[in-house]
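Here it is, the structure, as structure tokens.
The values are calculated or read from the model by the stated rules, or taken from the named source; none is laboratory data. Treat the numbers as computed from the prediction; the structure is a model and nothing was measured. Only protein heavy atoms, including side chains, enter the accessible area calculation; ligands, DNA and RNA are left aside. Shrake-Rupley method; radii C 1.70, N 1.55, O 1.52, S 1.80 Å.
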Amino acid sequence: AQTVTQSQPEMSVQEAETVTLSCTYDTSESDYYLFWYKQPPSRQMILVIRQEAYKQQNATENRFSVNFQKAAKSFSLKISDSQLGDAAMYFCAYRSAWLGGSYIPTFGRGTSLIVHP
Amino acid sequence: DAGITQSPRHKVTETGTPVTLRCHQTENHRYMYWYRQDPGHGLRLIHYSYGVKDTDKGEVSDGYSVSRSKTEDFLLTLESATSSQTSVYFCAISESTGQGEKLFFGSGTQLSVL
């Protein structure tokens, strides 16, 4: 079974600075998807960024980017120019890309990001 | 998004009573999931479905059952609610888009069992 580990229960950053959230995963599959979700106090789960394992290029979405290291099974999220609205719980998730594998999304325990003004 | 509606948004119930949570989607996606979210545990899978009447257990399925008689509806039932089932429950679906696979979530149900 796949596992996803977020080793930082809580992180803090100053407004306008950069912060990196870590995520590692364990799998024997070669093709899969990785996700970062943001959950603000409203409880809504918001997709931040997605990476396909077969793509070597790291995904980016505006101020959000990932460092995907397939061999190391690492998928960290970098938030640049942090804003107060970035304060939230962030979840890393894994899902197999093929029906013969586990089609079940697996989540880490989350990292709470605090942004200081 | 994928048109997911969860109901109710909030529910307070008493120990021993049955509770049913509903997840409704509008776009005929095959895969649907029920998760519970608890502090320090992230999201844990309760049950999932891969088609009408096709369901399977997740890692925390004890005390829960599900049904999917129509593509659009996935019901989660707590047969006899216990205080340990106080949690936030999320429904999710898996969708293939032009940009690849995505997961979409409902707004969640806050369930309190007293």
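Counting only protein heavy atoms, probe 1.4 Å: which residues of segment B:69-114 lose 50 Å² or more of accessible surface in the full assembly compared with their chain by itself?
In segment B:69-114, residues shielded by partner chains: B:GLU101, B:LEU103, B:PHE105.
Which residues of segment B:9-32 end up with at least 40 Å² less accessible area in the presence of all protein chains than when their chain stands alone, using a 1.4 Å probe?
Buried on complex formation: B:TYR31.
Moving on to the next point. Against the empirical 2.2 N^0.38 Å scaling, what ratio does the C-alpha Rg of the protein assembly as shown come to?
Normalised Rg, Cα atoms only: 1.01.
Follow-up. Using heavy-atom solvent-accessible surface (probe 1.4 Å) with all chains present, what is the largest-first order of A:ARG95, B:ARG36, A:ARG63?
A:ARG63, B:ARG36, A:ARG95
Which order do B:SER65, A:SER12 take by accessible area at a 1.4 Å probe, largest first?
Ranked list, largest accessible area first: A:SER12, B:SER65.
Considering only DSSP beta bridges with both partners in chain B, what is the antiparallel share in %, to the nearest 5?
Counting DSSP beta bridges with both partners in chain B, the antiparallel share is about 90 percent.
Past 28 Å, Cα to Cα, is the threshold; run A:LYS55/A:LYS78; B:LYS57/B:LYS102; A:LYS55/B:LYS57; B:LYS11/B:LYS53 against it and keep the listed order.
Listed pairs above 28 Å: A:LYS55/B:LYS57.
Still on this model: Calculate what fraction, in whole %, of the accessible area of segment B:13-114 sits on carbon and sulfur atoms when a 1.4 Å probe is rolled over the protein chains.
45
Next question. Interface A/B, total buried accessible area with a 1.4 Å probe, nearest 100 Å²?
Separately minus together, A and B give about 2000 Å² buried.
Could you work out how far the C-alpha centroid of segment A:56-117 sits from that of segment B:1-64, in angstrom?
Measuring centre to centre over Cα atoms gives 23 Å.
Per residue, how much accessible surface does the protein assembly as shown expose to a 1.4 Å probe? Answer in Å², no decimals.
For the protein assembly as shown, the solvent-accessible area averages 46 Å² per residue.
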